[in-house]
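Have a look at the structure below before the remarks.
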Amino acid sequence: MKNNETRILKASLIIIGIILFCLSAVWLADHVFNGAFSDWFFSRFIVDARGSSNEKIGVIFRSWFEIKQFFINGISAFLMIFILCLSLSAHFYARYISKKDIVFITDSMNSFMNSNNDELTLPKKYSEIETQLIKIKAISQKHQQLVQTEMQRKNDLITYLAHDLKTPLASVIGYLSLLDEAPDMPAEQKAKYVGIALKKAYRLEDLINEFFEITRFNLQSIVLHKSKIKLAFMLQQMADEFYPMLTPEGKQAAINVPEDLILVGDADKLARVFNNILKNAIAYSYENSVIDISAAQQGGDVVITFTNQGDPIPAQKLDTIFEIFYRLDSARSTNTGGAGLGLAIAKEISTAHGGTITAESNPEHTIFTVKLPS
């Protein structure tokens, strides 16, 4: 309804403009040019009729051809001027409408983007712009959430690091203070405290190294030095190195890998992956249980699995155990592992090799699977 009223108003203004133009033309002809138009008309189209003695006996009009030619030229000139005026009017009117649309869209966009409302209703002619604005806001909100998540992860990283460094550092300070306050302490007891302090200092060094390692992997791309790896030999050697960690609780590591299985990758970094997974399996497996380490060729990939028997990992936590500083033990005690960086480092290295690392868990066992291109 409002659009129809607008059209009627525009048409009325155009008609009034034409009438004013005509009236102005007549007024100019009669008053400004002082009859010059009538003199020109009569001299152009009317000829005096004279008799034999050259006296005026009347008037006659010129031939229709001359009059027709004049009107054709006049109408052509009028049409050219009219088209020129119409074009100029259309140009400036289009600029006005365009500017008006830009202002309206800009105001609507600013209002919509700064509001908490996810719905936007614009006139029908702006439906495409409305759809795009809704998409842009959704993407913007997603990016803001990612930034907030990253900021939270950064804050958590600092908090967790401070927490994990505080415990061994406090122990070192405590035992060194005892040694300083009791210089006459028995040699046996002094050796015991020195040993504990040294152990905690090594623990502190391990935590700092893990922190620098994951930070380095996050800040720069991992450079791989690939070579052919005899997987059975690497995993067996790793199991032997962990023997002192396995035996106190009666645990064992069983290697089931074909002797001829070859994997192409960075040996040092992949050893870090397998070490971190095995260390995690030892920390969370039952006493007197067997940790099975298997590998096999599957198409163009080599699949390595670490299976241990222990308390199942809750399903909702399976996707988060590879995050930085994530630990299954919410109290973050140092009895069951490191700072929660091991699996995060393993994921970074696996991804750099073009592979994946996943976990599945049920009441019977927990399986970590590493899939790498062979």
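The values are calculated or read from the model by the stated rules, or taken from the named source; none is laboratory data. Since the model is a prediction, treat every value here as computed from it, not as a measurement. Heads up, the Cβs are rebuilt from the backbone with ideal geometry, glycines too, and the neighbour counts pull from every protein chain shown.
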Practice problem: Filter segment 284-327 down to residues that are among the aliphatic types (A, V, I, L, M) and under 20 Å from Gly250 (Cα atoms) and give me whichever is farthest from the chain's Cα centre (by Cα). | Solution: Val290
Quiz item: Does segment 247-278 hold any residues that are farther than 14 Å from Ser294 by Cα, crowded, with 19+ Cβ neighbours inside 10 Å and out of contact with any Pro (no Cβ under 9 Å at 6 or more places or on another chain), and which are they?
Solution: Lys251, Asp266, Lys269, Leu270, Val273, Asn276
Practice problem: Would you check if Lys192 is within 30 Å of Phe322 (Cβ to Cβ), at pLDDT 75 or above, of a type outside the set (S, T, N, Q) and surrounded by 13 or more Cβ atoms within 10 Å (Cβ to Cβ)? | Solution: no
Quiz item: Is there a residue in segment 234-244 that is surrounded by fewer than 18 Cβ atoms within 10 Å (Cβ to Cβ), in contact with a helix residue (DSSP H, G or I) (Cβ under 7 Å, 6 or more places away or on another chain) and either free of Cβ contacts under 8 Å to residues at least 24 places away in the same chain or not assigned by TED's automatic domain parsing to the domain that holds Phe322 (or both)?
Solution: no
